[in-house]
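Novice: Next up is a structure, given as structure tokens.
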Amino acid sequence: MKKEKEQSGFEENLTQLEAIVLKLESGKLKLDEGICLYEEGVKLYQQCRKKLVEVEKKITQLNESLDENEFN
């Protein structure tokens, strides 16, 4: 269950980030709204990036374990 929640959290964060980018790109926001959305977007980006780094490390570890098992 935890992995499903983490993945859905990532997907949800990414969807929210994409929505924020669209709003910012529209140019229809007041300055204060834009700043608040930008700040929220930065936080979402950091969360997504952190998760991607964790996944990349996990994949690297799995690949290394495969390589080790080939030689044993």
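The values are calculated or read from the model by the stated rules, or taken from the named source; none is laboratory data. Please read these numbers as outputs of a predicted model, since none were measured by experiment. Here the Cβ positions follow ideal geometry from the backbone for every residue, glycine too, while neighbour counts run over all protein chains shown. Note: areas computed on protein heavy atoms with side chains; ligands, DNA, RNA excluded. Shrake-Rupley method; radii C 1.70, N 1.55, O 1.52, S 1.80 Å.
Novice: Suppose we filter region 10-28 for residues that are open to solvent by 100 Å² or more (accessible area, probe 1.4 Å) and more than 22 Å from VAL55 (Cβ to Cβ); how many remain?
Specialist: So the count comes out to 4.
Novice: Quick one: which residue in GLU33, GLU56 is open to solvent by less than 100 Å² (accessible area, probe 1.4 Å) and modelled with pLDDT of 95 or more?
Specialist: Testing whether each residue is open to solvent by less than 100 Å² (accessible area, probe 1.4 Å) and modelled with pLDDT of 95 or more leaves just GLU33.
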